[in-house]
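This report concerns only the one structure given below.
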Amino acid sequence: MKIFKILSINILILFVSIIGIEIIFGYWFDPNNIGPYMREHRMKKNFYSLKYNDEVYEYVYKRNYFGFRGEETKLEKIKAVMIGGSTADERYKPEEYTIVGFLNKQLSKNNINLKIVNAGIEGQSTLGHIYNFEVWFPKLNKFKPDYFIFYVGINDHILDNTVEKTKDGHVLNPSKLERFKDNFKSRSIFYDLLRKIKHKYYNKGKQVTYDFNRRIKEKKIEDFKFLNFEEAKKNFDIEKLKEENISLIRNYLSNIDTLVNYSKLMNAKPIFINQLTEKGNYNKKLFILNYSLISHCEKKGYSCIDLAKKLEGKQEYWWDGIHTTPKGSEKISELIFPEFLEIVGKN
């Protein structure tokens, strides 16, 4: 009985000590604690292998402590952020071969002291981007970028109006039980420390392989058809497309306005870039969203880059019809950079 009593007292002391440490050093009362949000997009370290142009690239896809792609960085040093879906995140290839990576390379080459940080989240549309401003960015103390670059359109043209913001990009787990667990984990100092240690030193894991060579070869050259902007304007009845997609356009442009307002509340300049799939402007819904975005930008005085008008697509620019190869990302960055540089220069 004496041993049991001593053991019970020691367990009680240990339990009280843990609770005390959690209360003092944990994040239970921290107003900037991210809570149950972004659990799928923070502290990630996944191992990938890419086969492209007869070479194999072994790399690690990382999302840092604050949820951005790449290595750890101080929030106050972040001055430009690229926001988008999987076409911005580009987890399927090394950072240096992404659009963000190529843009940063050009900024460095031109001796411009600005680095773009990748905040792309797979599956997100402008609805999810709005949610970022509501539950993610406000929790990042000292996060005050000068520019938000929105790479938009592809996920919006297939967006279901009934989709909730919480489900757009899986920023919040739909399961109440999982949300409770995520909330607990994000506030616990012990779990936070263990996660940081694991993220820093963990070097083993299941590797995901992407074979761009095989996917590109599987596509028949004769099946590739790209409709450029000028031809699309000749072929389509734009007013009719506007009427047929009036609700889709209205919701999209409303989201754009909301993103502008959120950016300005953070004293940052929003820049919008539209985008295309392998089929170019054949997709009528995507075409009319891209067209409407530029018209809206001109009317409202927003900074927009009309990539959909500039891009002359080639089969080797996409490996699956939607996501770009390194060559495609490089071409897109080349088309974006001059106007981006002009916008930054004016600002």
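Quick look at the numbers
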item	result
Where trypsin sites (Lys or Arg not before Pro) fall in DSSP loop in the range 181-267, at most 12 other Cβ within 10 Å	K204, K206, K220, K225
Between helix 176-187 and the chain: long-axis angle, C-alpha atoms, 0 to 90°, nearest 10	70
Charge-dipole axis of the chain as Lys and Arg at +1 and Asp and Glu at -1 on Cβ define it, positive-most pick from L293, H41, V163	H41
Cubic angstrom per residue, convex hull over Cα atoms of the range 1-67	152
0 to 90° range, to nearest 10: angle between helix 189-201 axis and the chain longest Cα axis	60
Chain lengthening between V56 and E334 when straightened (0.36 nm per residue, less Cα-Cα)	97.6 nm
Added length on full extension, which subtracts the Cα-Cα distance from 0.36 nm per residue, W28 to T162	44.9 nm
Amide N of the range 109-138 lying under 12 Å from the label point, which is placed 7 angstrom from the Cα of V208 along Cα→Cβ	122-123
Flagged links, alpha-carbon separation over 18 Å, of K144/K269; K79/K300; K217/K314; K242/K331	K79/K300; K242/K331
Gain in span if fully extended, N228 to E96, counting 0.36 nm per residue against the direct Cα distance	44.7 nm
Shape of the range 79-222, Cα gyration tensor, a/c cut at 1.5	rounded
Percent RCO, i.e. relative contact order, over the chain, from Cα pairs under 8 Å lying at least 6 residues apart	21
Likely footprinting exposure, D160, D211, fewest C-beta neighbours within 10 Å first	D160, D211
S49-E218 pseudo-label distance in nm [points 7 Å out on the Cα-to-Cβ vector]	1.8
For the chain, the spread of Cα positions along each principal axis, largest first, Å	91, 46, 43
Packing-based ranking, highest mean first, of 36-45, 126-135 given that Cβ atoms within 10 Å are counted	126-135, 36-45
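Here, each number is a calculation from the coordinates, and none is a lab measurement. None of these values were measured; they are calculated from a predicted model. Here the Cβ is made from the backbone with ideal geometry for all residues, glycine too, and neighbour counts use every protein chain on show.
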